[in-house]
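The values are calculated or read from the model by the stated rules, or taken from the named source; none is laboratory data. Note that this is a predicted model, so its numbers are computed, not measured. Every residue, glycine as well, gets a Cβ built from its backbone with ideal geometry; the counts of neighbours run over all protein chains shown. Just so you know, the surface numbers come from the protein's heavy atoms only, side chains and all, with ligands and any DNA or RNA stripped out. Shrake-Rupley method; radii C 1.70, N 1.55, O 1.52, S 1.80 Å.
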Amino acid sequence: MLREVVDRIQKEQNISREDLALLLTAGDEEIACLKEKAREVADEVYGKQIFIRGLIEFTNYCKNDCLYCGIRRSNRCAERYRLSEEEILSCCENGYALGFRTFVLQGGEDSYFTDEKICALIRKIKAGYPDCALTLSIGEKEKDSYQAYFDAGADRYLLRHETADEAHYRRLHPAEMSLVHRKQCLRNLKEIGYQVGCGFMVGSPGQTVDTLYEDLQFIRKLQPHMVGIGPFIPQKDTPFGAEKVGTLEMTLRLLSIIRLLLPRVLLPATTALGTIHPLGREKGIQAGANVVMPNLSPVAVRDKYLLYDNKICTVDEAAECRYCMQRRMEGIGYQVVVDRGDYREQR
Ligand code: SAM
Ligand code: FES
């Protein structure tokens, strides 16, 4: 019965609300066929290769006040920092030597980093490492700014849509933020020519099968190159500090479903997944993910980019994270490769 549902989703690259409800409520044993199929599909496109991205968390200043986020502007307990250009370039140098060929610059929406500063940084990184891809994840900007970053050499952009449901979006964000604007940003990024990633947290307060259905339909229509999903994890100094954490099982099922809907998508097994279970990232790969994003930020600031509580890898040097990840992937029969890890178009 469940196997038929899984086959149908794979064949149609679409999912009905009923089938989604069924897959999210099925027993753990019954659901094994979903994860197996998703892994098979990922293997067909990307083989046993796992792509790594070096994550540089370069500022935790943010003008936004997302209710779930540990670095929201109202969090007085967050110790703020910014990396200098030299520090960021030194993360890249270190990362390159460790075999990273994609750097991800992530941060809060920090007005200190003007478009001029971001463009100068992009140019320097691309000049120093022409064989590397550069991903930005710095939030909502005007289309002109996105265009300027692209012209300066940025290749990819990650902007999780967070939820595609209007009422749910309002529950997660203050009134001044808008889902319509966030979705428009994603369309602008695609139009400019970026490889684009959207995504959402699993188990965020107010999430239901219906809001997840909206998410999957939004993703299907957008046809992004990447989808970032990970469990919601409460951060004690936010309004959601006492909410429940998203579950491993729900995250794995959604990873598998996304793999079936978008067979070629770049799908990370996130740090948040590794935070809620010691083997979370391995299980994510086994459920159809094909990307991991070890941290390249200097150890001195690692424990300040605290989006959620108990974040892992906050004391390890980049090299330790890199080789730890390699061992973890080899342990389940996969290989971390030295490669930009671009989206593979259908030939
Ligand atoms: N400012 C950029 C943006 O808005 O896209 C990038 C930084 S933002 C911190 C990156 C992602 O972290 C968000 O898209 C959100 O999904 C995730 N995140 C924030 N708080 C979280 C939490 N408490 N648990 C899990 N993920 C969280
Ligand atoms: Fe801005 Fe989280 S509220 S990065």
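Scan the range 276-320 for residues that are assigned to a helix (DSSP H, G or I) and open to solvent by 30 Å² or more (accessible area, probe 1.4 Å) and the total you get is 7.
Note on the range 194-205: among residues that are within 14 Å of ligand 1 (Cβ to nearest atom) and part of a strand (DSSP E or B), the one that is farthest from Ile276 (Cα to Cα) is Val196. Of everything listed in (1) touching a residue at least 40 places away in the same chain (Cβ under 8 Å); (2) open to solvent by less than 50 Å² (accessible area, probe 1.4 Å), the single unmet condition for Gly331 is (2).
Only residues that are more than 15 Å from ligand 1 (Cβ to nearest atom) and assigned to a helix (DSSP H, G or I): list them for the range 206-222, please. Result: Val209, Asp210, Tyr213, Glu214, Leu216, Gln217, Arg220, Lys221, Leu222.
Results for (1) part of a helix (DSSP H, G or I); (2) more than 17 Å from Glu162 (Cβ to Cβ); (3) touching a His at 6+ places or on another chain (Cβ under 9 Å), shown as yes or no for each residue.
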{"residue": "Pro224", "(1), (2), (3)": "no, no, no"}
{"residue": "Ile233", "(1), (2), (3)": "no, no, no"}
{"residue": "Lys244", "(1), (2), (3)": "no, yes, no"}
{"residue": "Thr251", "(1), (2), (3)": "yes, no, no"}
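Scanning the range 9-24 for residues that are touching a residue at least 60 places away in the same chain (Cβ under 8 Å) and either open to solvent by 20 Å² or more (accessible area, probe 1.4 Å) or assigned to a helix (DSSP H, G or I) (or both) yields Ile9, Gln10, Gln13, Asn14, Arg17, Leu20, Ala21, Leu23, Leu24. Of the set (1) over 16 Å from the mean Cα position of the chain (by Cα); (2) touching a residue at least 12 places away in the same chain (Cβ under 8 Å); (3) open to solvent by 10 Å² or more (accessible area, probe 1.4 Å), all apply to Leu261 but (3). Considering (1) within 17 Å of Leu158 (Cα to Cα); (2) surrounded by fewer than 18 Cβ atoms within 10 Å (Cβ to Cβ), the lone condition that Val227 does not fulfil carries the number (2). Put simply, of Tyr169, Tyr149, Tyr194 the only residue that is of a type in the set (Ser, Thr, Tyr) and either within 16 Å of ligand 2 (Cβ to nearest atom) or out of contact with any helix residue (DSSP H, G or I) (no Cβ under 8 Å at 6 or more places or on another chain) (or both) is Tyr169. Here Arg82 clears all of (1) under 22 Å from the mean Cα position of the chain (by Cα); (2) closer than 28 Å to Leu262 by Cα except the condition numbered (2). Per the conditions (1) more than 19 Å from Ser90 (Cβ to Cβ); (2) more than 10 Å from ligand 1 (Cβ to nearest atom); (3) touching a strand residue (DSSP E or B) at 6+ places or on another chain (Cβ under 6 Å), the sole criterion not satisfied by Arg160 is (2). Consider the range 44-70 and keep the residues that are within 11 Å of ligand 1 (Cβ to nearest atom), open to solvent by 10 Å² or more (accessible area, probe 1.4 Å) and not in a strand (DSSP E or B). The one that is nearest to Ser297 (Cα to Cα) is Tyr61. When Glu36 is tested against (1) over 28 Å from Arg327 (Cβ atoms); (2) without any contact (Cβ under 8 Å) to a residue 40 or more places away in the chain, exactly one condition is not met: (1). Among the residues making up the range 77-100, those that are open to solvent by 40 Å² or more (accessible area, probe 1.4 Å) and either in a helix (DSSP H, G or I) or of a type in the set (D, E, K, R) (or both) are Glu79, Arg80, Arg82, Glu85, Glu86, Glu87, Leu89, Ser90, Glu93, Asn94, Tyr96, Ala97.
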